Structures are given as structure tokens and as C-alpha cells.
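Here's the structure we're looking at; comments come further down.
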Amino acid sequence: MIALKDDLIHGNQFQIPTRRCLPAGLFQSYVEATHLDMLASNTYMIQGSGIGFSQGEATNSAIGEWTERYAASHQDIQDLVFVSESDMRSQGKNFIPVETFIPYAPEQYTLDFPYQKWEPDDVISWIKSENVINQQSVWVPAFAVHLPHNTDWDSKKNYALQTSTGISAGKNIHDATVGGFLECAERNVFAEFWYRQDHWIKHIPMLNQKEVLASFEHPKIKQLFDNNRVQIKLFDLSPLSPIETHVVVLFFPYKGQLFQSMGCACRFSKEESIIKACLEAYQGVEYAIGLSQKPEEWIDNLPGFDSINSFDKHFAFYNRFPQWRKKSAILQAALSTESHFPENERIKPKIQSWNEINQLDLNHILVVPLSTEDVQSQGMEVVRVIVPHWNLLTGVHRQPFLKYLRAEPNENLFLTYPHPFP
């Protein structure tokens, strides 16, 4: 493994001490830097964290996450055009309609909804992407790409809550693209799993630690799951996804309370998907403990859960208010020590590599390079990958992204309680 350069990050770097409930041989790192607005970034501070089977792996992971966020926070006006959708059409430009990138269903636009409806004559900023399905250039709204996006360039109109999904770093454009695509696939499947959990919980395999250890010989899986200081439940989302996707819910004791953490991963290999999901769950242990030190008024338990307005609060919710775990079929199943294998369940055929991506019947996988010169000087590339019409996850509970769930009339989606995705 080649160590990533870290001299781009002019800030603090830490090796995080290993908690007693983590298995031997895991390492964690944390990096942060401030005053980034002085480097033409759209934000002041960026953090990154990582976990791995060596200190080098953990440090590379943390630097990679930091670099993704750093690159995505830069916007160069020379990369943008400022026109309306009508103008794009009259100029004969190849573009994807703005509505495609707005994840809200029409019924969500109430009087107190904080995002503006799209109007065809709105002048916004556009940036060129490449559709890797057919190698054609296509223009997309800049608000779907940069994070954070400068709304001054869109007449200060804010059309959607932004997420980091699909922002990915790699040693080259190809590796970054594959990583970003797999993250998009992961969020798409998890959103379906969470919001329709009362249905899917009956149709997916669920394995306790003993069953995982009996089913897999991979040494890293055994290292992660052979740990009697925690309780782990592995959810295999094969019935939902043509790419291997797994969710791990991990419970651990801390100061007399049962805390939970969660990880989710999508990979072309079943074993790699399980390993990555479990690593993320272990990484969340420190995250959960840190959030538990927040002031009591930081998060409340009032009807509607309006204060759950960040991914931090989503993740912390069921640790601060564990009584609500009983409302979630997923968390109830995770608390059970039993395994479950549904009978006669159809498992979607899985693609095994990026070379098989055309088998997914997608019309677009959009890639926008984001690397700044200083990022490239570190031997890295960063991209934003967008897969139109796939689900995203929101960090604001009262503003879920419902459009691409395509709910049937009167369908009972699981919307009352927040998701715990970190």
C-alpha cells in the first residue's frame, strides 16, 4: 500500500485510540483543516476520518475523505455557464432537465417548505459532465455537483438539500468513478430498504455473528465478527440490488447503556461488501460516543422530530432515545440474536465488475471531475458521480427525498422515525 501525501492538509491529524469493544488489529485516524475559505474553498473547515487494518490504511482513508470534501468545495466560474433551461434548449446543448436533480415529490411543496420550485426560465449555473455509458458530454446543474454550492450563481435560489453522495477520490479518474458509483448504488438500495422496511424485512437474509463465522472463511471477516464484546447483525440486501450490498448494525455497551452503530457498503465482491460495511459500523463506535457528549438540548424527542436536521443527529437519535428502536422493524431484527433466511426468495443476479455495468440497463452514469491542481499534485483525482433517478438519503428528517421511491397511492412508507444512517 502506498501512503497518500498529506501535506495538502494544513491542520490537525490524529491517531484515534482503539476502544475496548473493537477487535484487535483495527486502527483509526482523523484529520481536519480550517481557514479553507482563504484557499478559494466554499467552506471554512473540513474534517475526514478513516478506519483500516493498519495505521496506514486508516490514515489513507481519512486523507481520502478529507480530499473529496476539499475538492468538491471549489467552484471555478470558467467551468460554468449561466443560462435558463429554455436557453440550453434553444442553443442546442445536450443537457439533462433540472427536474431530474430535484429529489422531492410534488406533494412535499407546502407553505413552510424551504426549497424553491423549479421554473423553466430560472437562470442557473451549469457544468459539463460525461455520461460514461456512451462517452457523451452532457450539461447538468452545478447545484447537483459541488458541495457546498454557491447559490449566488443561481440567483440565490435553493432547489434541494445537497448531499455528498457520489463524491469520490482515487489514484485516477477510473478508480474514483467506480468508488463514487458504488456509493450511489449503496445509498439507493439503503433508502429503499429503510423506507419500505416493513416489507423488505421479510424478504432479506439476516445473519448473526455465529452464522457469519460459519458461512465465510475470509480472515478479515473472521477478525471483524469474532468479537464477543459486541452484538452484530448482518443484513444481506441481495433481493433489492444487482450489486452486492450489505448493512451491518452493531450494538456495544458504554457506561451502562446499549449503543448502536451502523455501516453499509456496496461492492462487486460479497466478501468485500461485508468487510466494508462492518468496518464502517466499527468506525461509528467512536462517532456514537462522541455524539453522546453533546448537550442534552442538542437533540430533542418532540413529536415530528423536527430537530433531526443533520446526519449527526440521525445517527445519534436511537442512542439518545433507545425506546424508539422498537418502532423500526430493522432495528428490532438487529436486536434479535436469531438468523433468518427467507424461503424461495428470488436473488437478483449480481454483476462482478465495472466492465459489466451495461447489464444494469442504466441510461446515464454522469461523472464530473472535481480535482483542483493542489489535489492532483498529491497524486489523487476526485469526481462527482450522479446516477439520475436513483434514491438519495437526506440529513433532514422532515424533508425526505421521496420522488424516486415512486410510492404508490396510500403506500405506507416508514417516514415517522428518522433513519440512523451516519
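Could you please find all residues in region 290-319 being surrounded by fewer than 17 Cβ atoms within 10 Å (Cβ to Cβ) and either charged (D, E, K, R) or under 24 Å from residue 253 (Cα atoms) (or both)?
290, 292, 293, 294, 295, 296, 297, 298, 300, 301, 306
So is residue 220 of a type in the set (D, E, K, R), closer than 25 Å to residue 14 by Cβ and within 22 Å of the chain's Cα centre (by Cα) or not?
No: the conditions fail for residue 220.
Of all the residues that make up region 325-345, how many are open to solvent by less than 20 Å² (accessible area, probe 1.4 Å) and hydroxyl-bearing (Ser, Thr, Tyr)?
Residues in region 325-345 being open to solvent by less than 20 Å² (accessible area, probe 1.4 Å) and hydroxyl-bearing (Ser, Thr, Tyr): 1 in total.
If we keep just the residues of region 106-150 that are part of a strand (DSSP E or B) and hydroxyl-bearing (Ser, Thr, Tyr), which is nearest to residue 367 (Cα to Cα)?
Step by step, filter region 106-150, then rank; the result is 129.
Show me the strands (runs of 3 or more DSSP E) found entirely inside region 20-105 where at least 2 residues are over 20 Å from residue 150 (Cβ atoms) and open to solvent by 30 Å² or more (accessible area, probe 1.4 Å).
Of the strands (runs of 3 or more DSSP E) lying wholly inside region 20-105, those with at least 2 residues that are over 20 Å from residue 150 (Cβ atoms) and open to solvent by 30 Å² or more (accessible area, probe 1.4 Å) span 27-33, 46-52.
Only residues that are small (Gly, Ala, Ser) and touching an Asp or Glu at 6+ places or on another chain (Cβ under 6 Å): list them for region 171-201, please. Let's see the steps before the verdict.
Filtering region 171-201 down to residues small (Gly, Ala, Ser) leaves 176, 179-180, 185, 191.
Selection gives 176 alone.
Mind listing whichever residues of region 205-226 are farther than 14 Å from residue 337 by Cα and open to solvent by less than 20 Å² (accessible area, probe 1.4 Å)?
Hits for region 205-226 are 221, 224.
The conditions are (1) farther than 19 Å from residue 21 by Cβ; (2) open to solvent by less than 30 Å² (accessible area, probe 1.4 Å); (3) not charged (D, E, K, R), and residue 277 fails exactly one of them. Which is it?
(1)
Of all the residues that make up region 108-140, how many are closer than 21 Å to residue 163 by Cβ and either loosely packed, with under 15 Cβ neighbours inside 10 Å or β-branched (Val, Ile, Thr) (or both)?
Final tally of qualifying residues: 9.
I need a count of the residues in region 380-405 that are of a type outside the set (A, V, I, L, M), under 23 Å from residue 314 (Cα atoms) and part of a loop (DSSP other than H, G, I, E, B).
Looking only at that region, the number is 9.
For region 243-261, state whether one or more residues are in a loop (DSSP other than H, G, I, E, B), within 22 Å of the chain's Cα centre (by Cα) and buried (at least 18 other Cβ atoms within 10 Å of the Cβ).
Within region 243-261, one or more residues are in a loop (DSSP other than H, G, I, E, B), within 22 Å of the chain's Cα centre (by Cα) and buried (at least 18 other Cβ atoms within 10 Å of the Cβ).
Quick one: would you say residue 189 is crowded, with 20+ Cβ neighbours inside 10 Å, of a type in the set (Val, Ile, Thr) and either more than 21 Å from residue 388 (Cβ to Cβ) or without any contact (Cβ under 8 Å) to a residue 60 or more places away in the chain (or both)? Break it down stepwise before answering.
Values: crowded, with 20+ Cβ neighbours inside 10 Å: yes; of a type in the set (Val, Ile, Thr): yes; either more than 21 Å from residue 388 (Cβ to Cβ) or without any contact (Cβ under 8 Å) to a residue 60 or more places away in the chain (or both): no.
When the stated conditions are applied, residue 189 does not pass them.
Select from region 264-296 the residues that are touching a residue at least 40 places away in the same chain (Cβ under 8 Å) and outside any helix (DSSP H, G or I) and list them in ascending order.
264, 265, 266, 267, 268, 269
Which residue pairs have Cβ atoms closer than 6 Å, lie 6 or more positions apart in sequence or on different chains, and pair a first residue in region 356-376 that is under 27 Å from residue 269 (Cβ atoms) with a second residue that is open to solvent by 50 Å² or more (accessible area, probe 1.4 Å)?
367/130
Looking at region 5-18, which of the residues that are assigned to a loop (DSSP other than H, G, I, E, B) and open to solvent by 80 Å² or more (accessible area, probe 1.4 Å) is nearest to residue 254 (Cα to Cα)?
Applying the filter and picking the extreme gives 17.
Pick from 202, 171: which is among the basic types (Lys, Arg), surrounded by fewer than 16 Cβ atoms within 10 Å (Cβ to Cβ) and closer than 24 Å to residue 393 by Cβ?
202
The values are calculated or read from the model by the stated rules, or taken from the named source; none is laboratory data. Everything numeric in this text was worked out from a predicted model, so none of it was measured. Heads up, the Cβs are rebuilt from the backbone with ideal geometry, glycines too, and the neighbour counts pull from every protein chain shown. Accessible surface is based on the protein model in full, side chains and every heavy atom, while ligands, DNA and RNA are left aside. Shrake-Rupley method; radii C 1.70, N 1.55, O 1.52, S 1.80 Å.
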